[in-house]
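Worksheet: the structure to be examined is printed underneath.
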Amino acid sequence: MKRIISVILVLALTFSLAACSGKNENVTVKLGIMGSSDETVWDPIVAEFAEKGITIEYVYFSDYTQPNAALDAGDVDLNSFQHYTYLNNEKEKFGYKIDAIGDTLITALNIYSKKVKSVDEISDGGKIAIPNDAVNGGRALNVLKAAGLITLKEGTELTPTVNDIVDNPKNIEIVEVDASQTASLLPDVDAAVINGGYALDAGLSPINDSIFFDDPSYYTTNAYVNVIAARTEDKDNKLYQEIVKAYQTQRTKDIYANDFQGLYIAAWK
């Protein structure tokens, strides 16, 4: 009888240890991102969690209209591509049950050109492409304002539209296109305001190819701080919070500085 009890105890302990050692096995977190530049930031985090038996799987999206719909529908578990203003606008417009669970970065929104070396060289009647979504388009107009190309109506600084332009001394023609198309239009326009990820994916150098560099210090709110988002029901998920913590490290800051030429600036406290 004692031997039988001993065998049972050994088996119980074995199963207990196996359960503990394998508790994270086969856990997959699907992360929605926009392109290869995001991989550069996330790859060390993916590797860190792989050592814990947790797979962070990239799910790629081709334009900004897709990741929040996928998150709300449960097709991905987290996404990392947008700032607070864009997130809040999407929630109000579509009723998504999603929330920011961690701050990441501020992306400088630069003006690029293949035809001129400075904004002063843009000719009268020149064409400038900007994103056509409400939030990024509004921010692009603020960049054009900061560059001295247009003046906007007072009180519309957060999300202005082209209808809020009150002064346009060079009669600039604003060409509104999907954010993913702004870089490809460079041969056909005088300049384009291009989101950071799309600029890098197009092989553009923030230092060498931009003719006006957006400065995050222009902003006094967190409106353009990018976030990691999850479904509202999962915002306190411990694993997701661990992923946020792994992101918000000096390692990530070093990647911003070394791989992105300062285009990305850490925005967490």
Report for region 110-214 the percent antiparallel among DSSP-assigned beta bridges with both residues inside it, nearest 5.
50
The chain: angle of helix 2-21 to the longest principal axis, Cα-based, in degrees nearest 10:
0
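So for each of 118-128, 97-107 I average, over its residues, the number of other beta carbons within 10 Å; can you give me the resulting order with the highest mean first? Walk me through the numbers before you get to the answer.
Details: 118-128: 15.5, 97-107: 20.5.
Output ranking for 118-128, 97-107: 97-107, 118-128.
Computed FRET efficiency, Cβ-Cβ of Asp63 and Thr40, R0 22 Å: what is it to the nearest 0.05? Please report the intermediate quantities before stating the final value.
Values: r = 20 Å, r/R0 = 0.92.
So, using R0 = 22 Å, E works out to roughly 0.60.
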Compute the helix-to-body angle for 36-50: its Cα long axis versus the longest principal axis of the chain, expressed 0 to 90° and rounded to tens.
10
The ³J(HN,Hα) series, computed from each phi in region 81-90 with the Karplus coefficients 6.51, -1.76 and 1.60 at θ = phi - 60°, rounded to the nearest Hz and given as x for glycine or proline, is 7, 10, 9, 4, 5, 5, 4, 5, 5, 5
Give me the number: length gained by fully extending Ala70 to Asn208, i.e. 0.36 nm times residue separation minus the C-alpha to C-alpha distance, one decimal in nm.
46.1 nm
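Give the relative contact order (percent, whole number) for region 110-214; include only Cα pairs under 8 Å separated by 6+ residues.
Values: 196 pairs, mean separation 47.5, N = 105.
Taking the mean separation of contacting Cα pairs over the length of region 110-214, I get 45 percent.
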For the chain, percent of DSSP beta bridges that are antiparallel (nearest 5) comes out at 55
Mind giving me the nanometre distance, one decimal, between the label points for Asp188 and Leu239, set 7 Å out from Cα along Cα→Cβ?
4.4
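Since every read-out is calculated from the coordinates, none of them should be taken as a lab result. Here the structure is a predicted model, which is why all the values come from computation and not from measurement. Note that each Cβ is placed from the backbone with ideal geometry, even for glycine, and that neighbours are counted across all protein chains shown.
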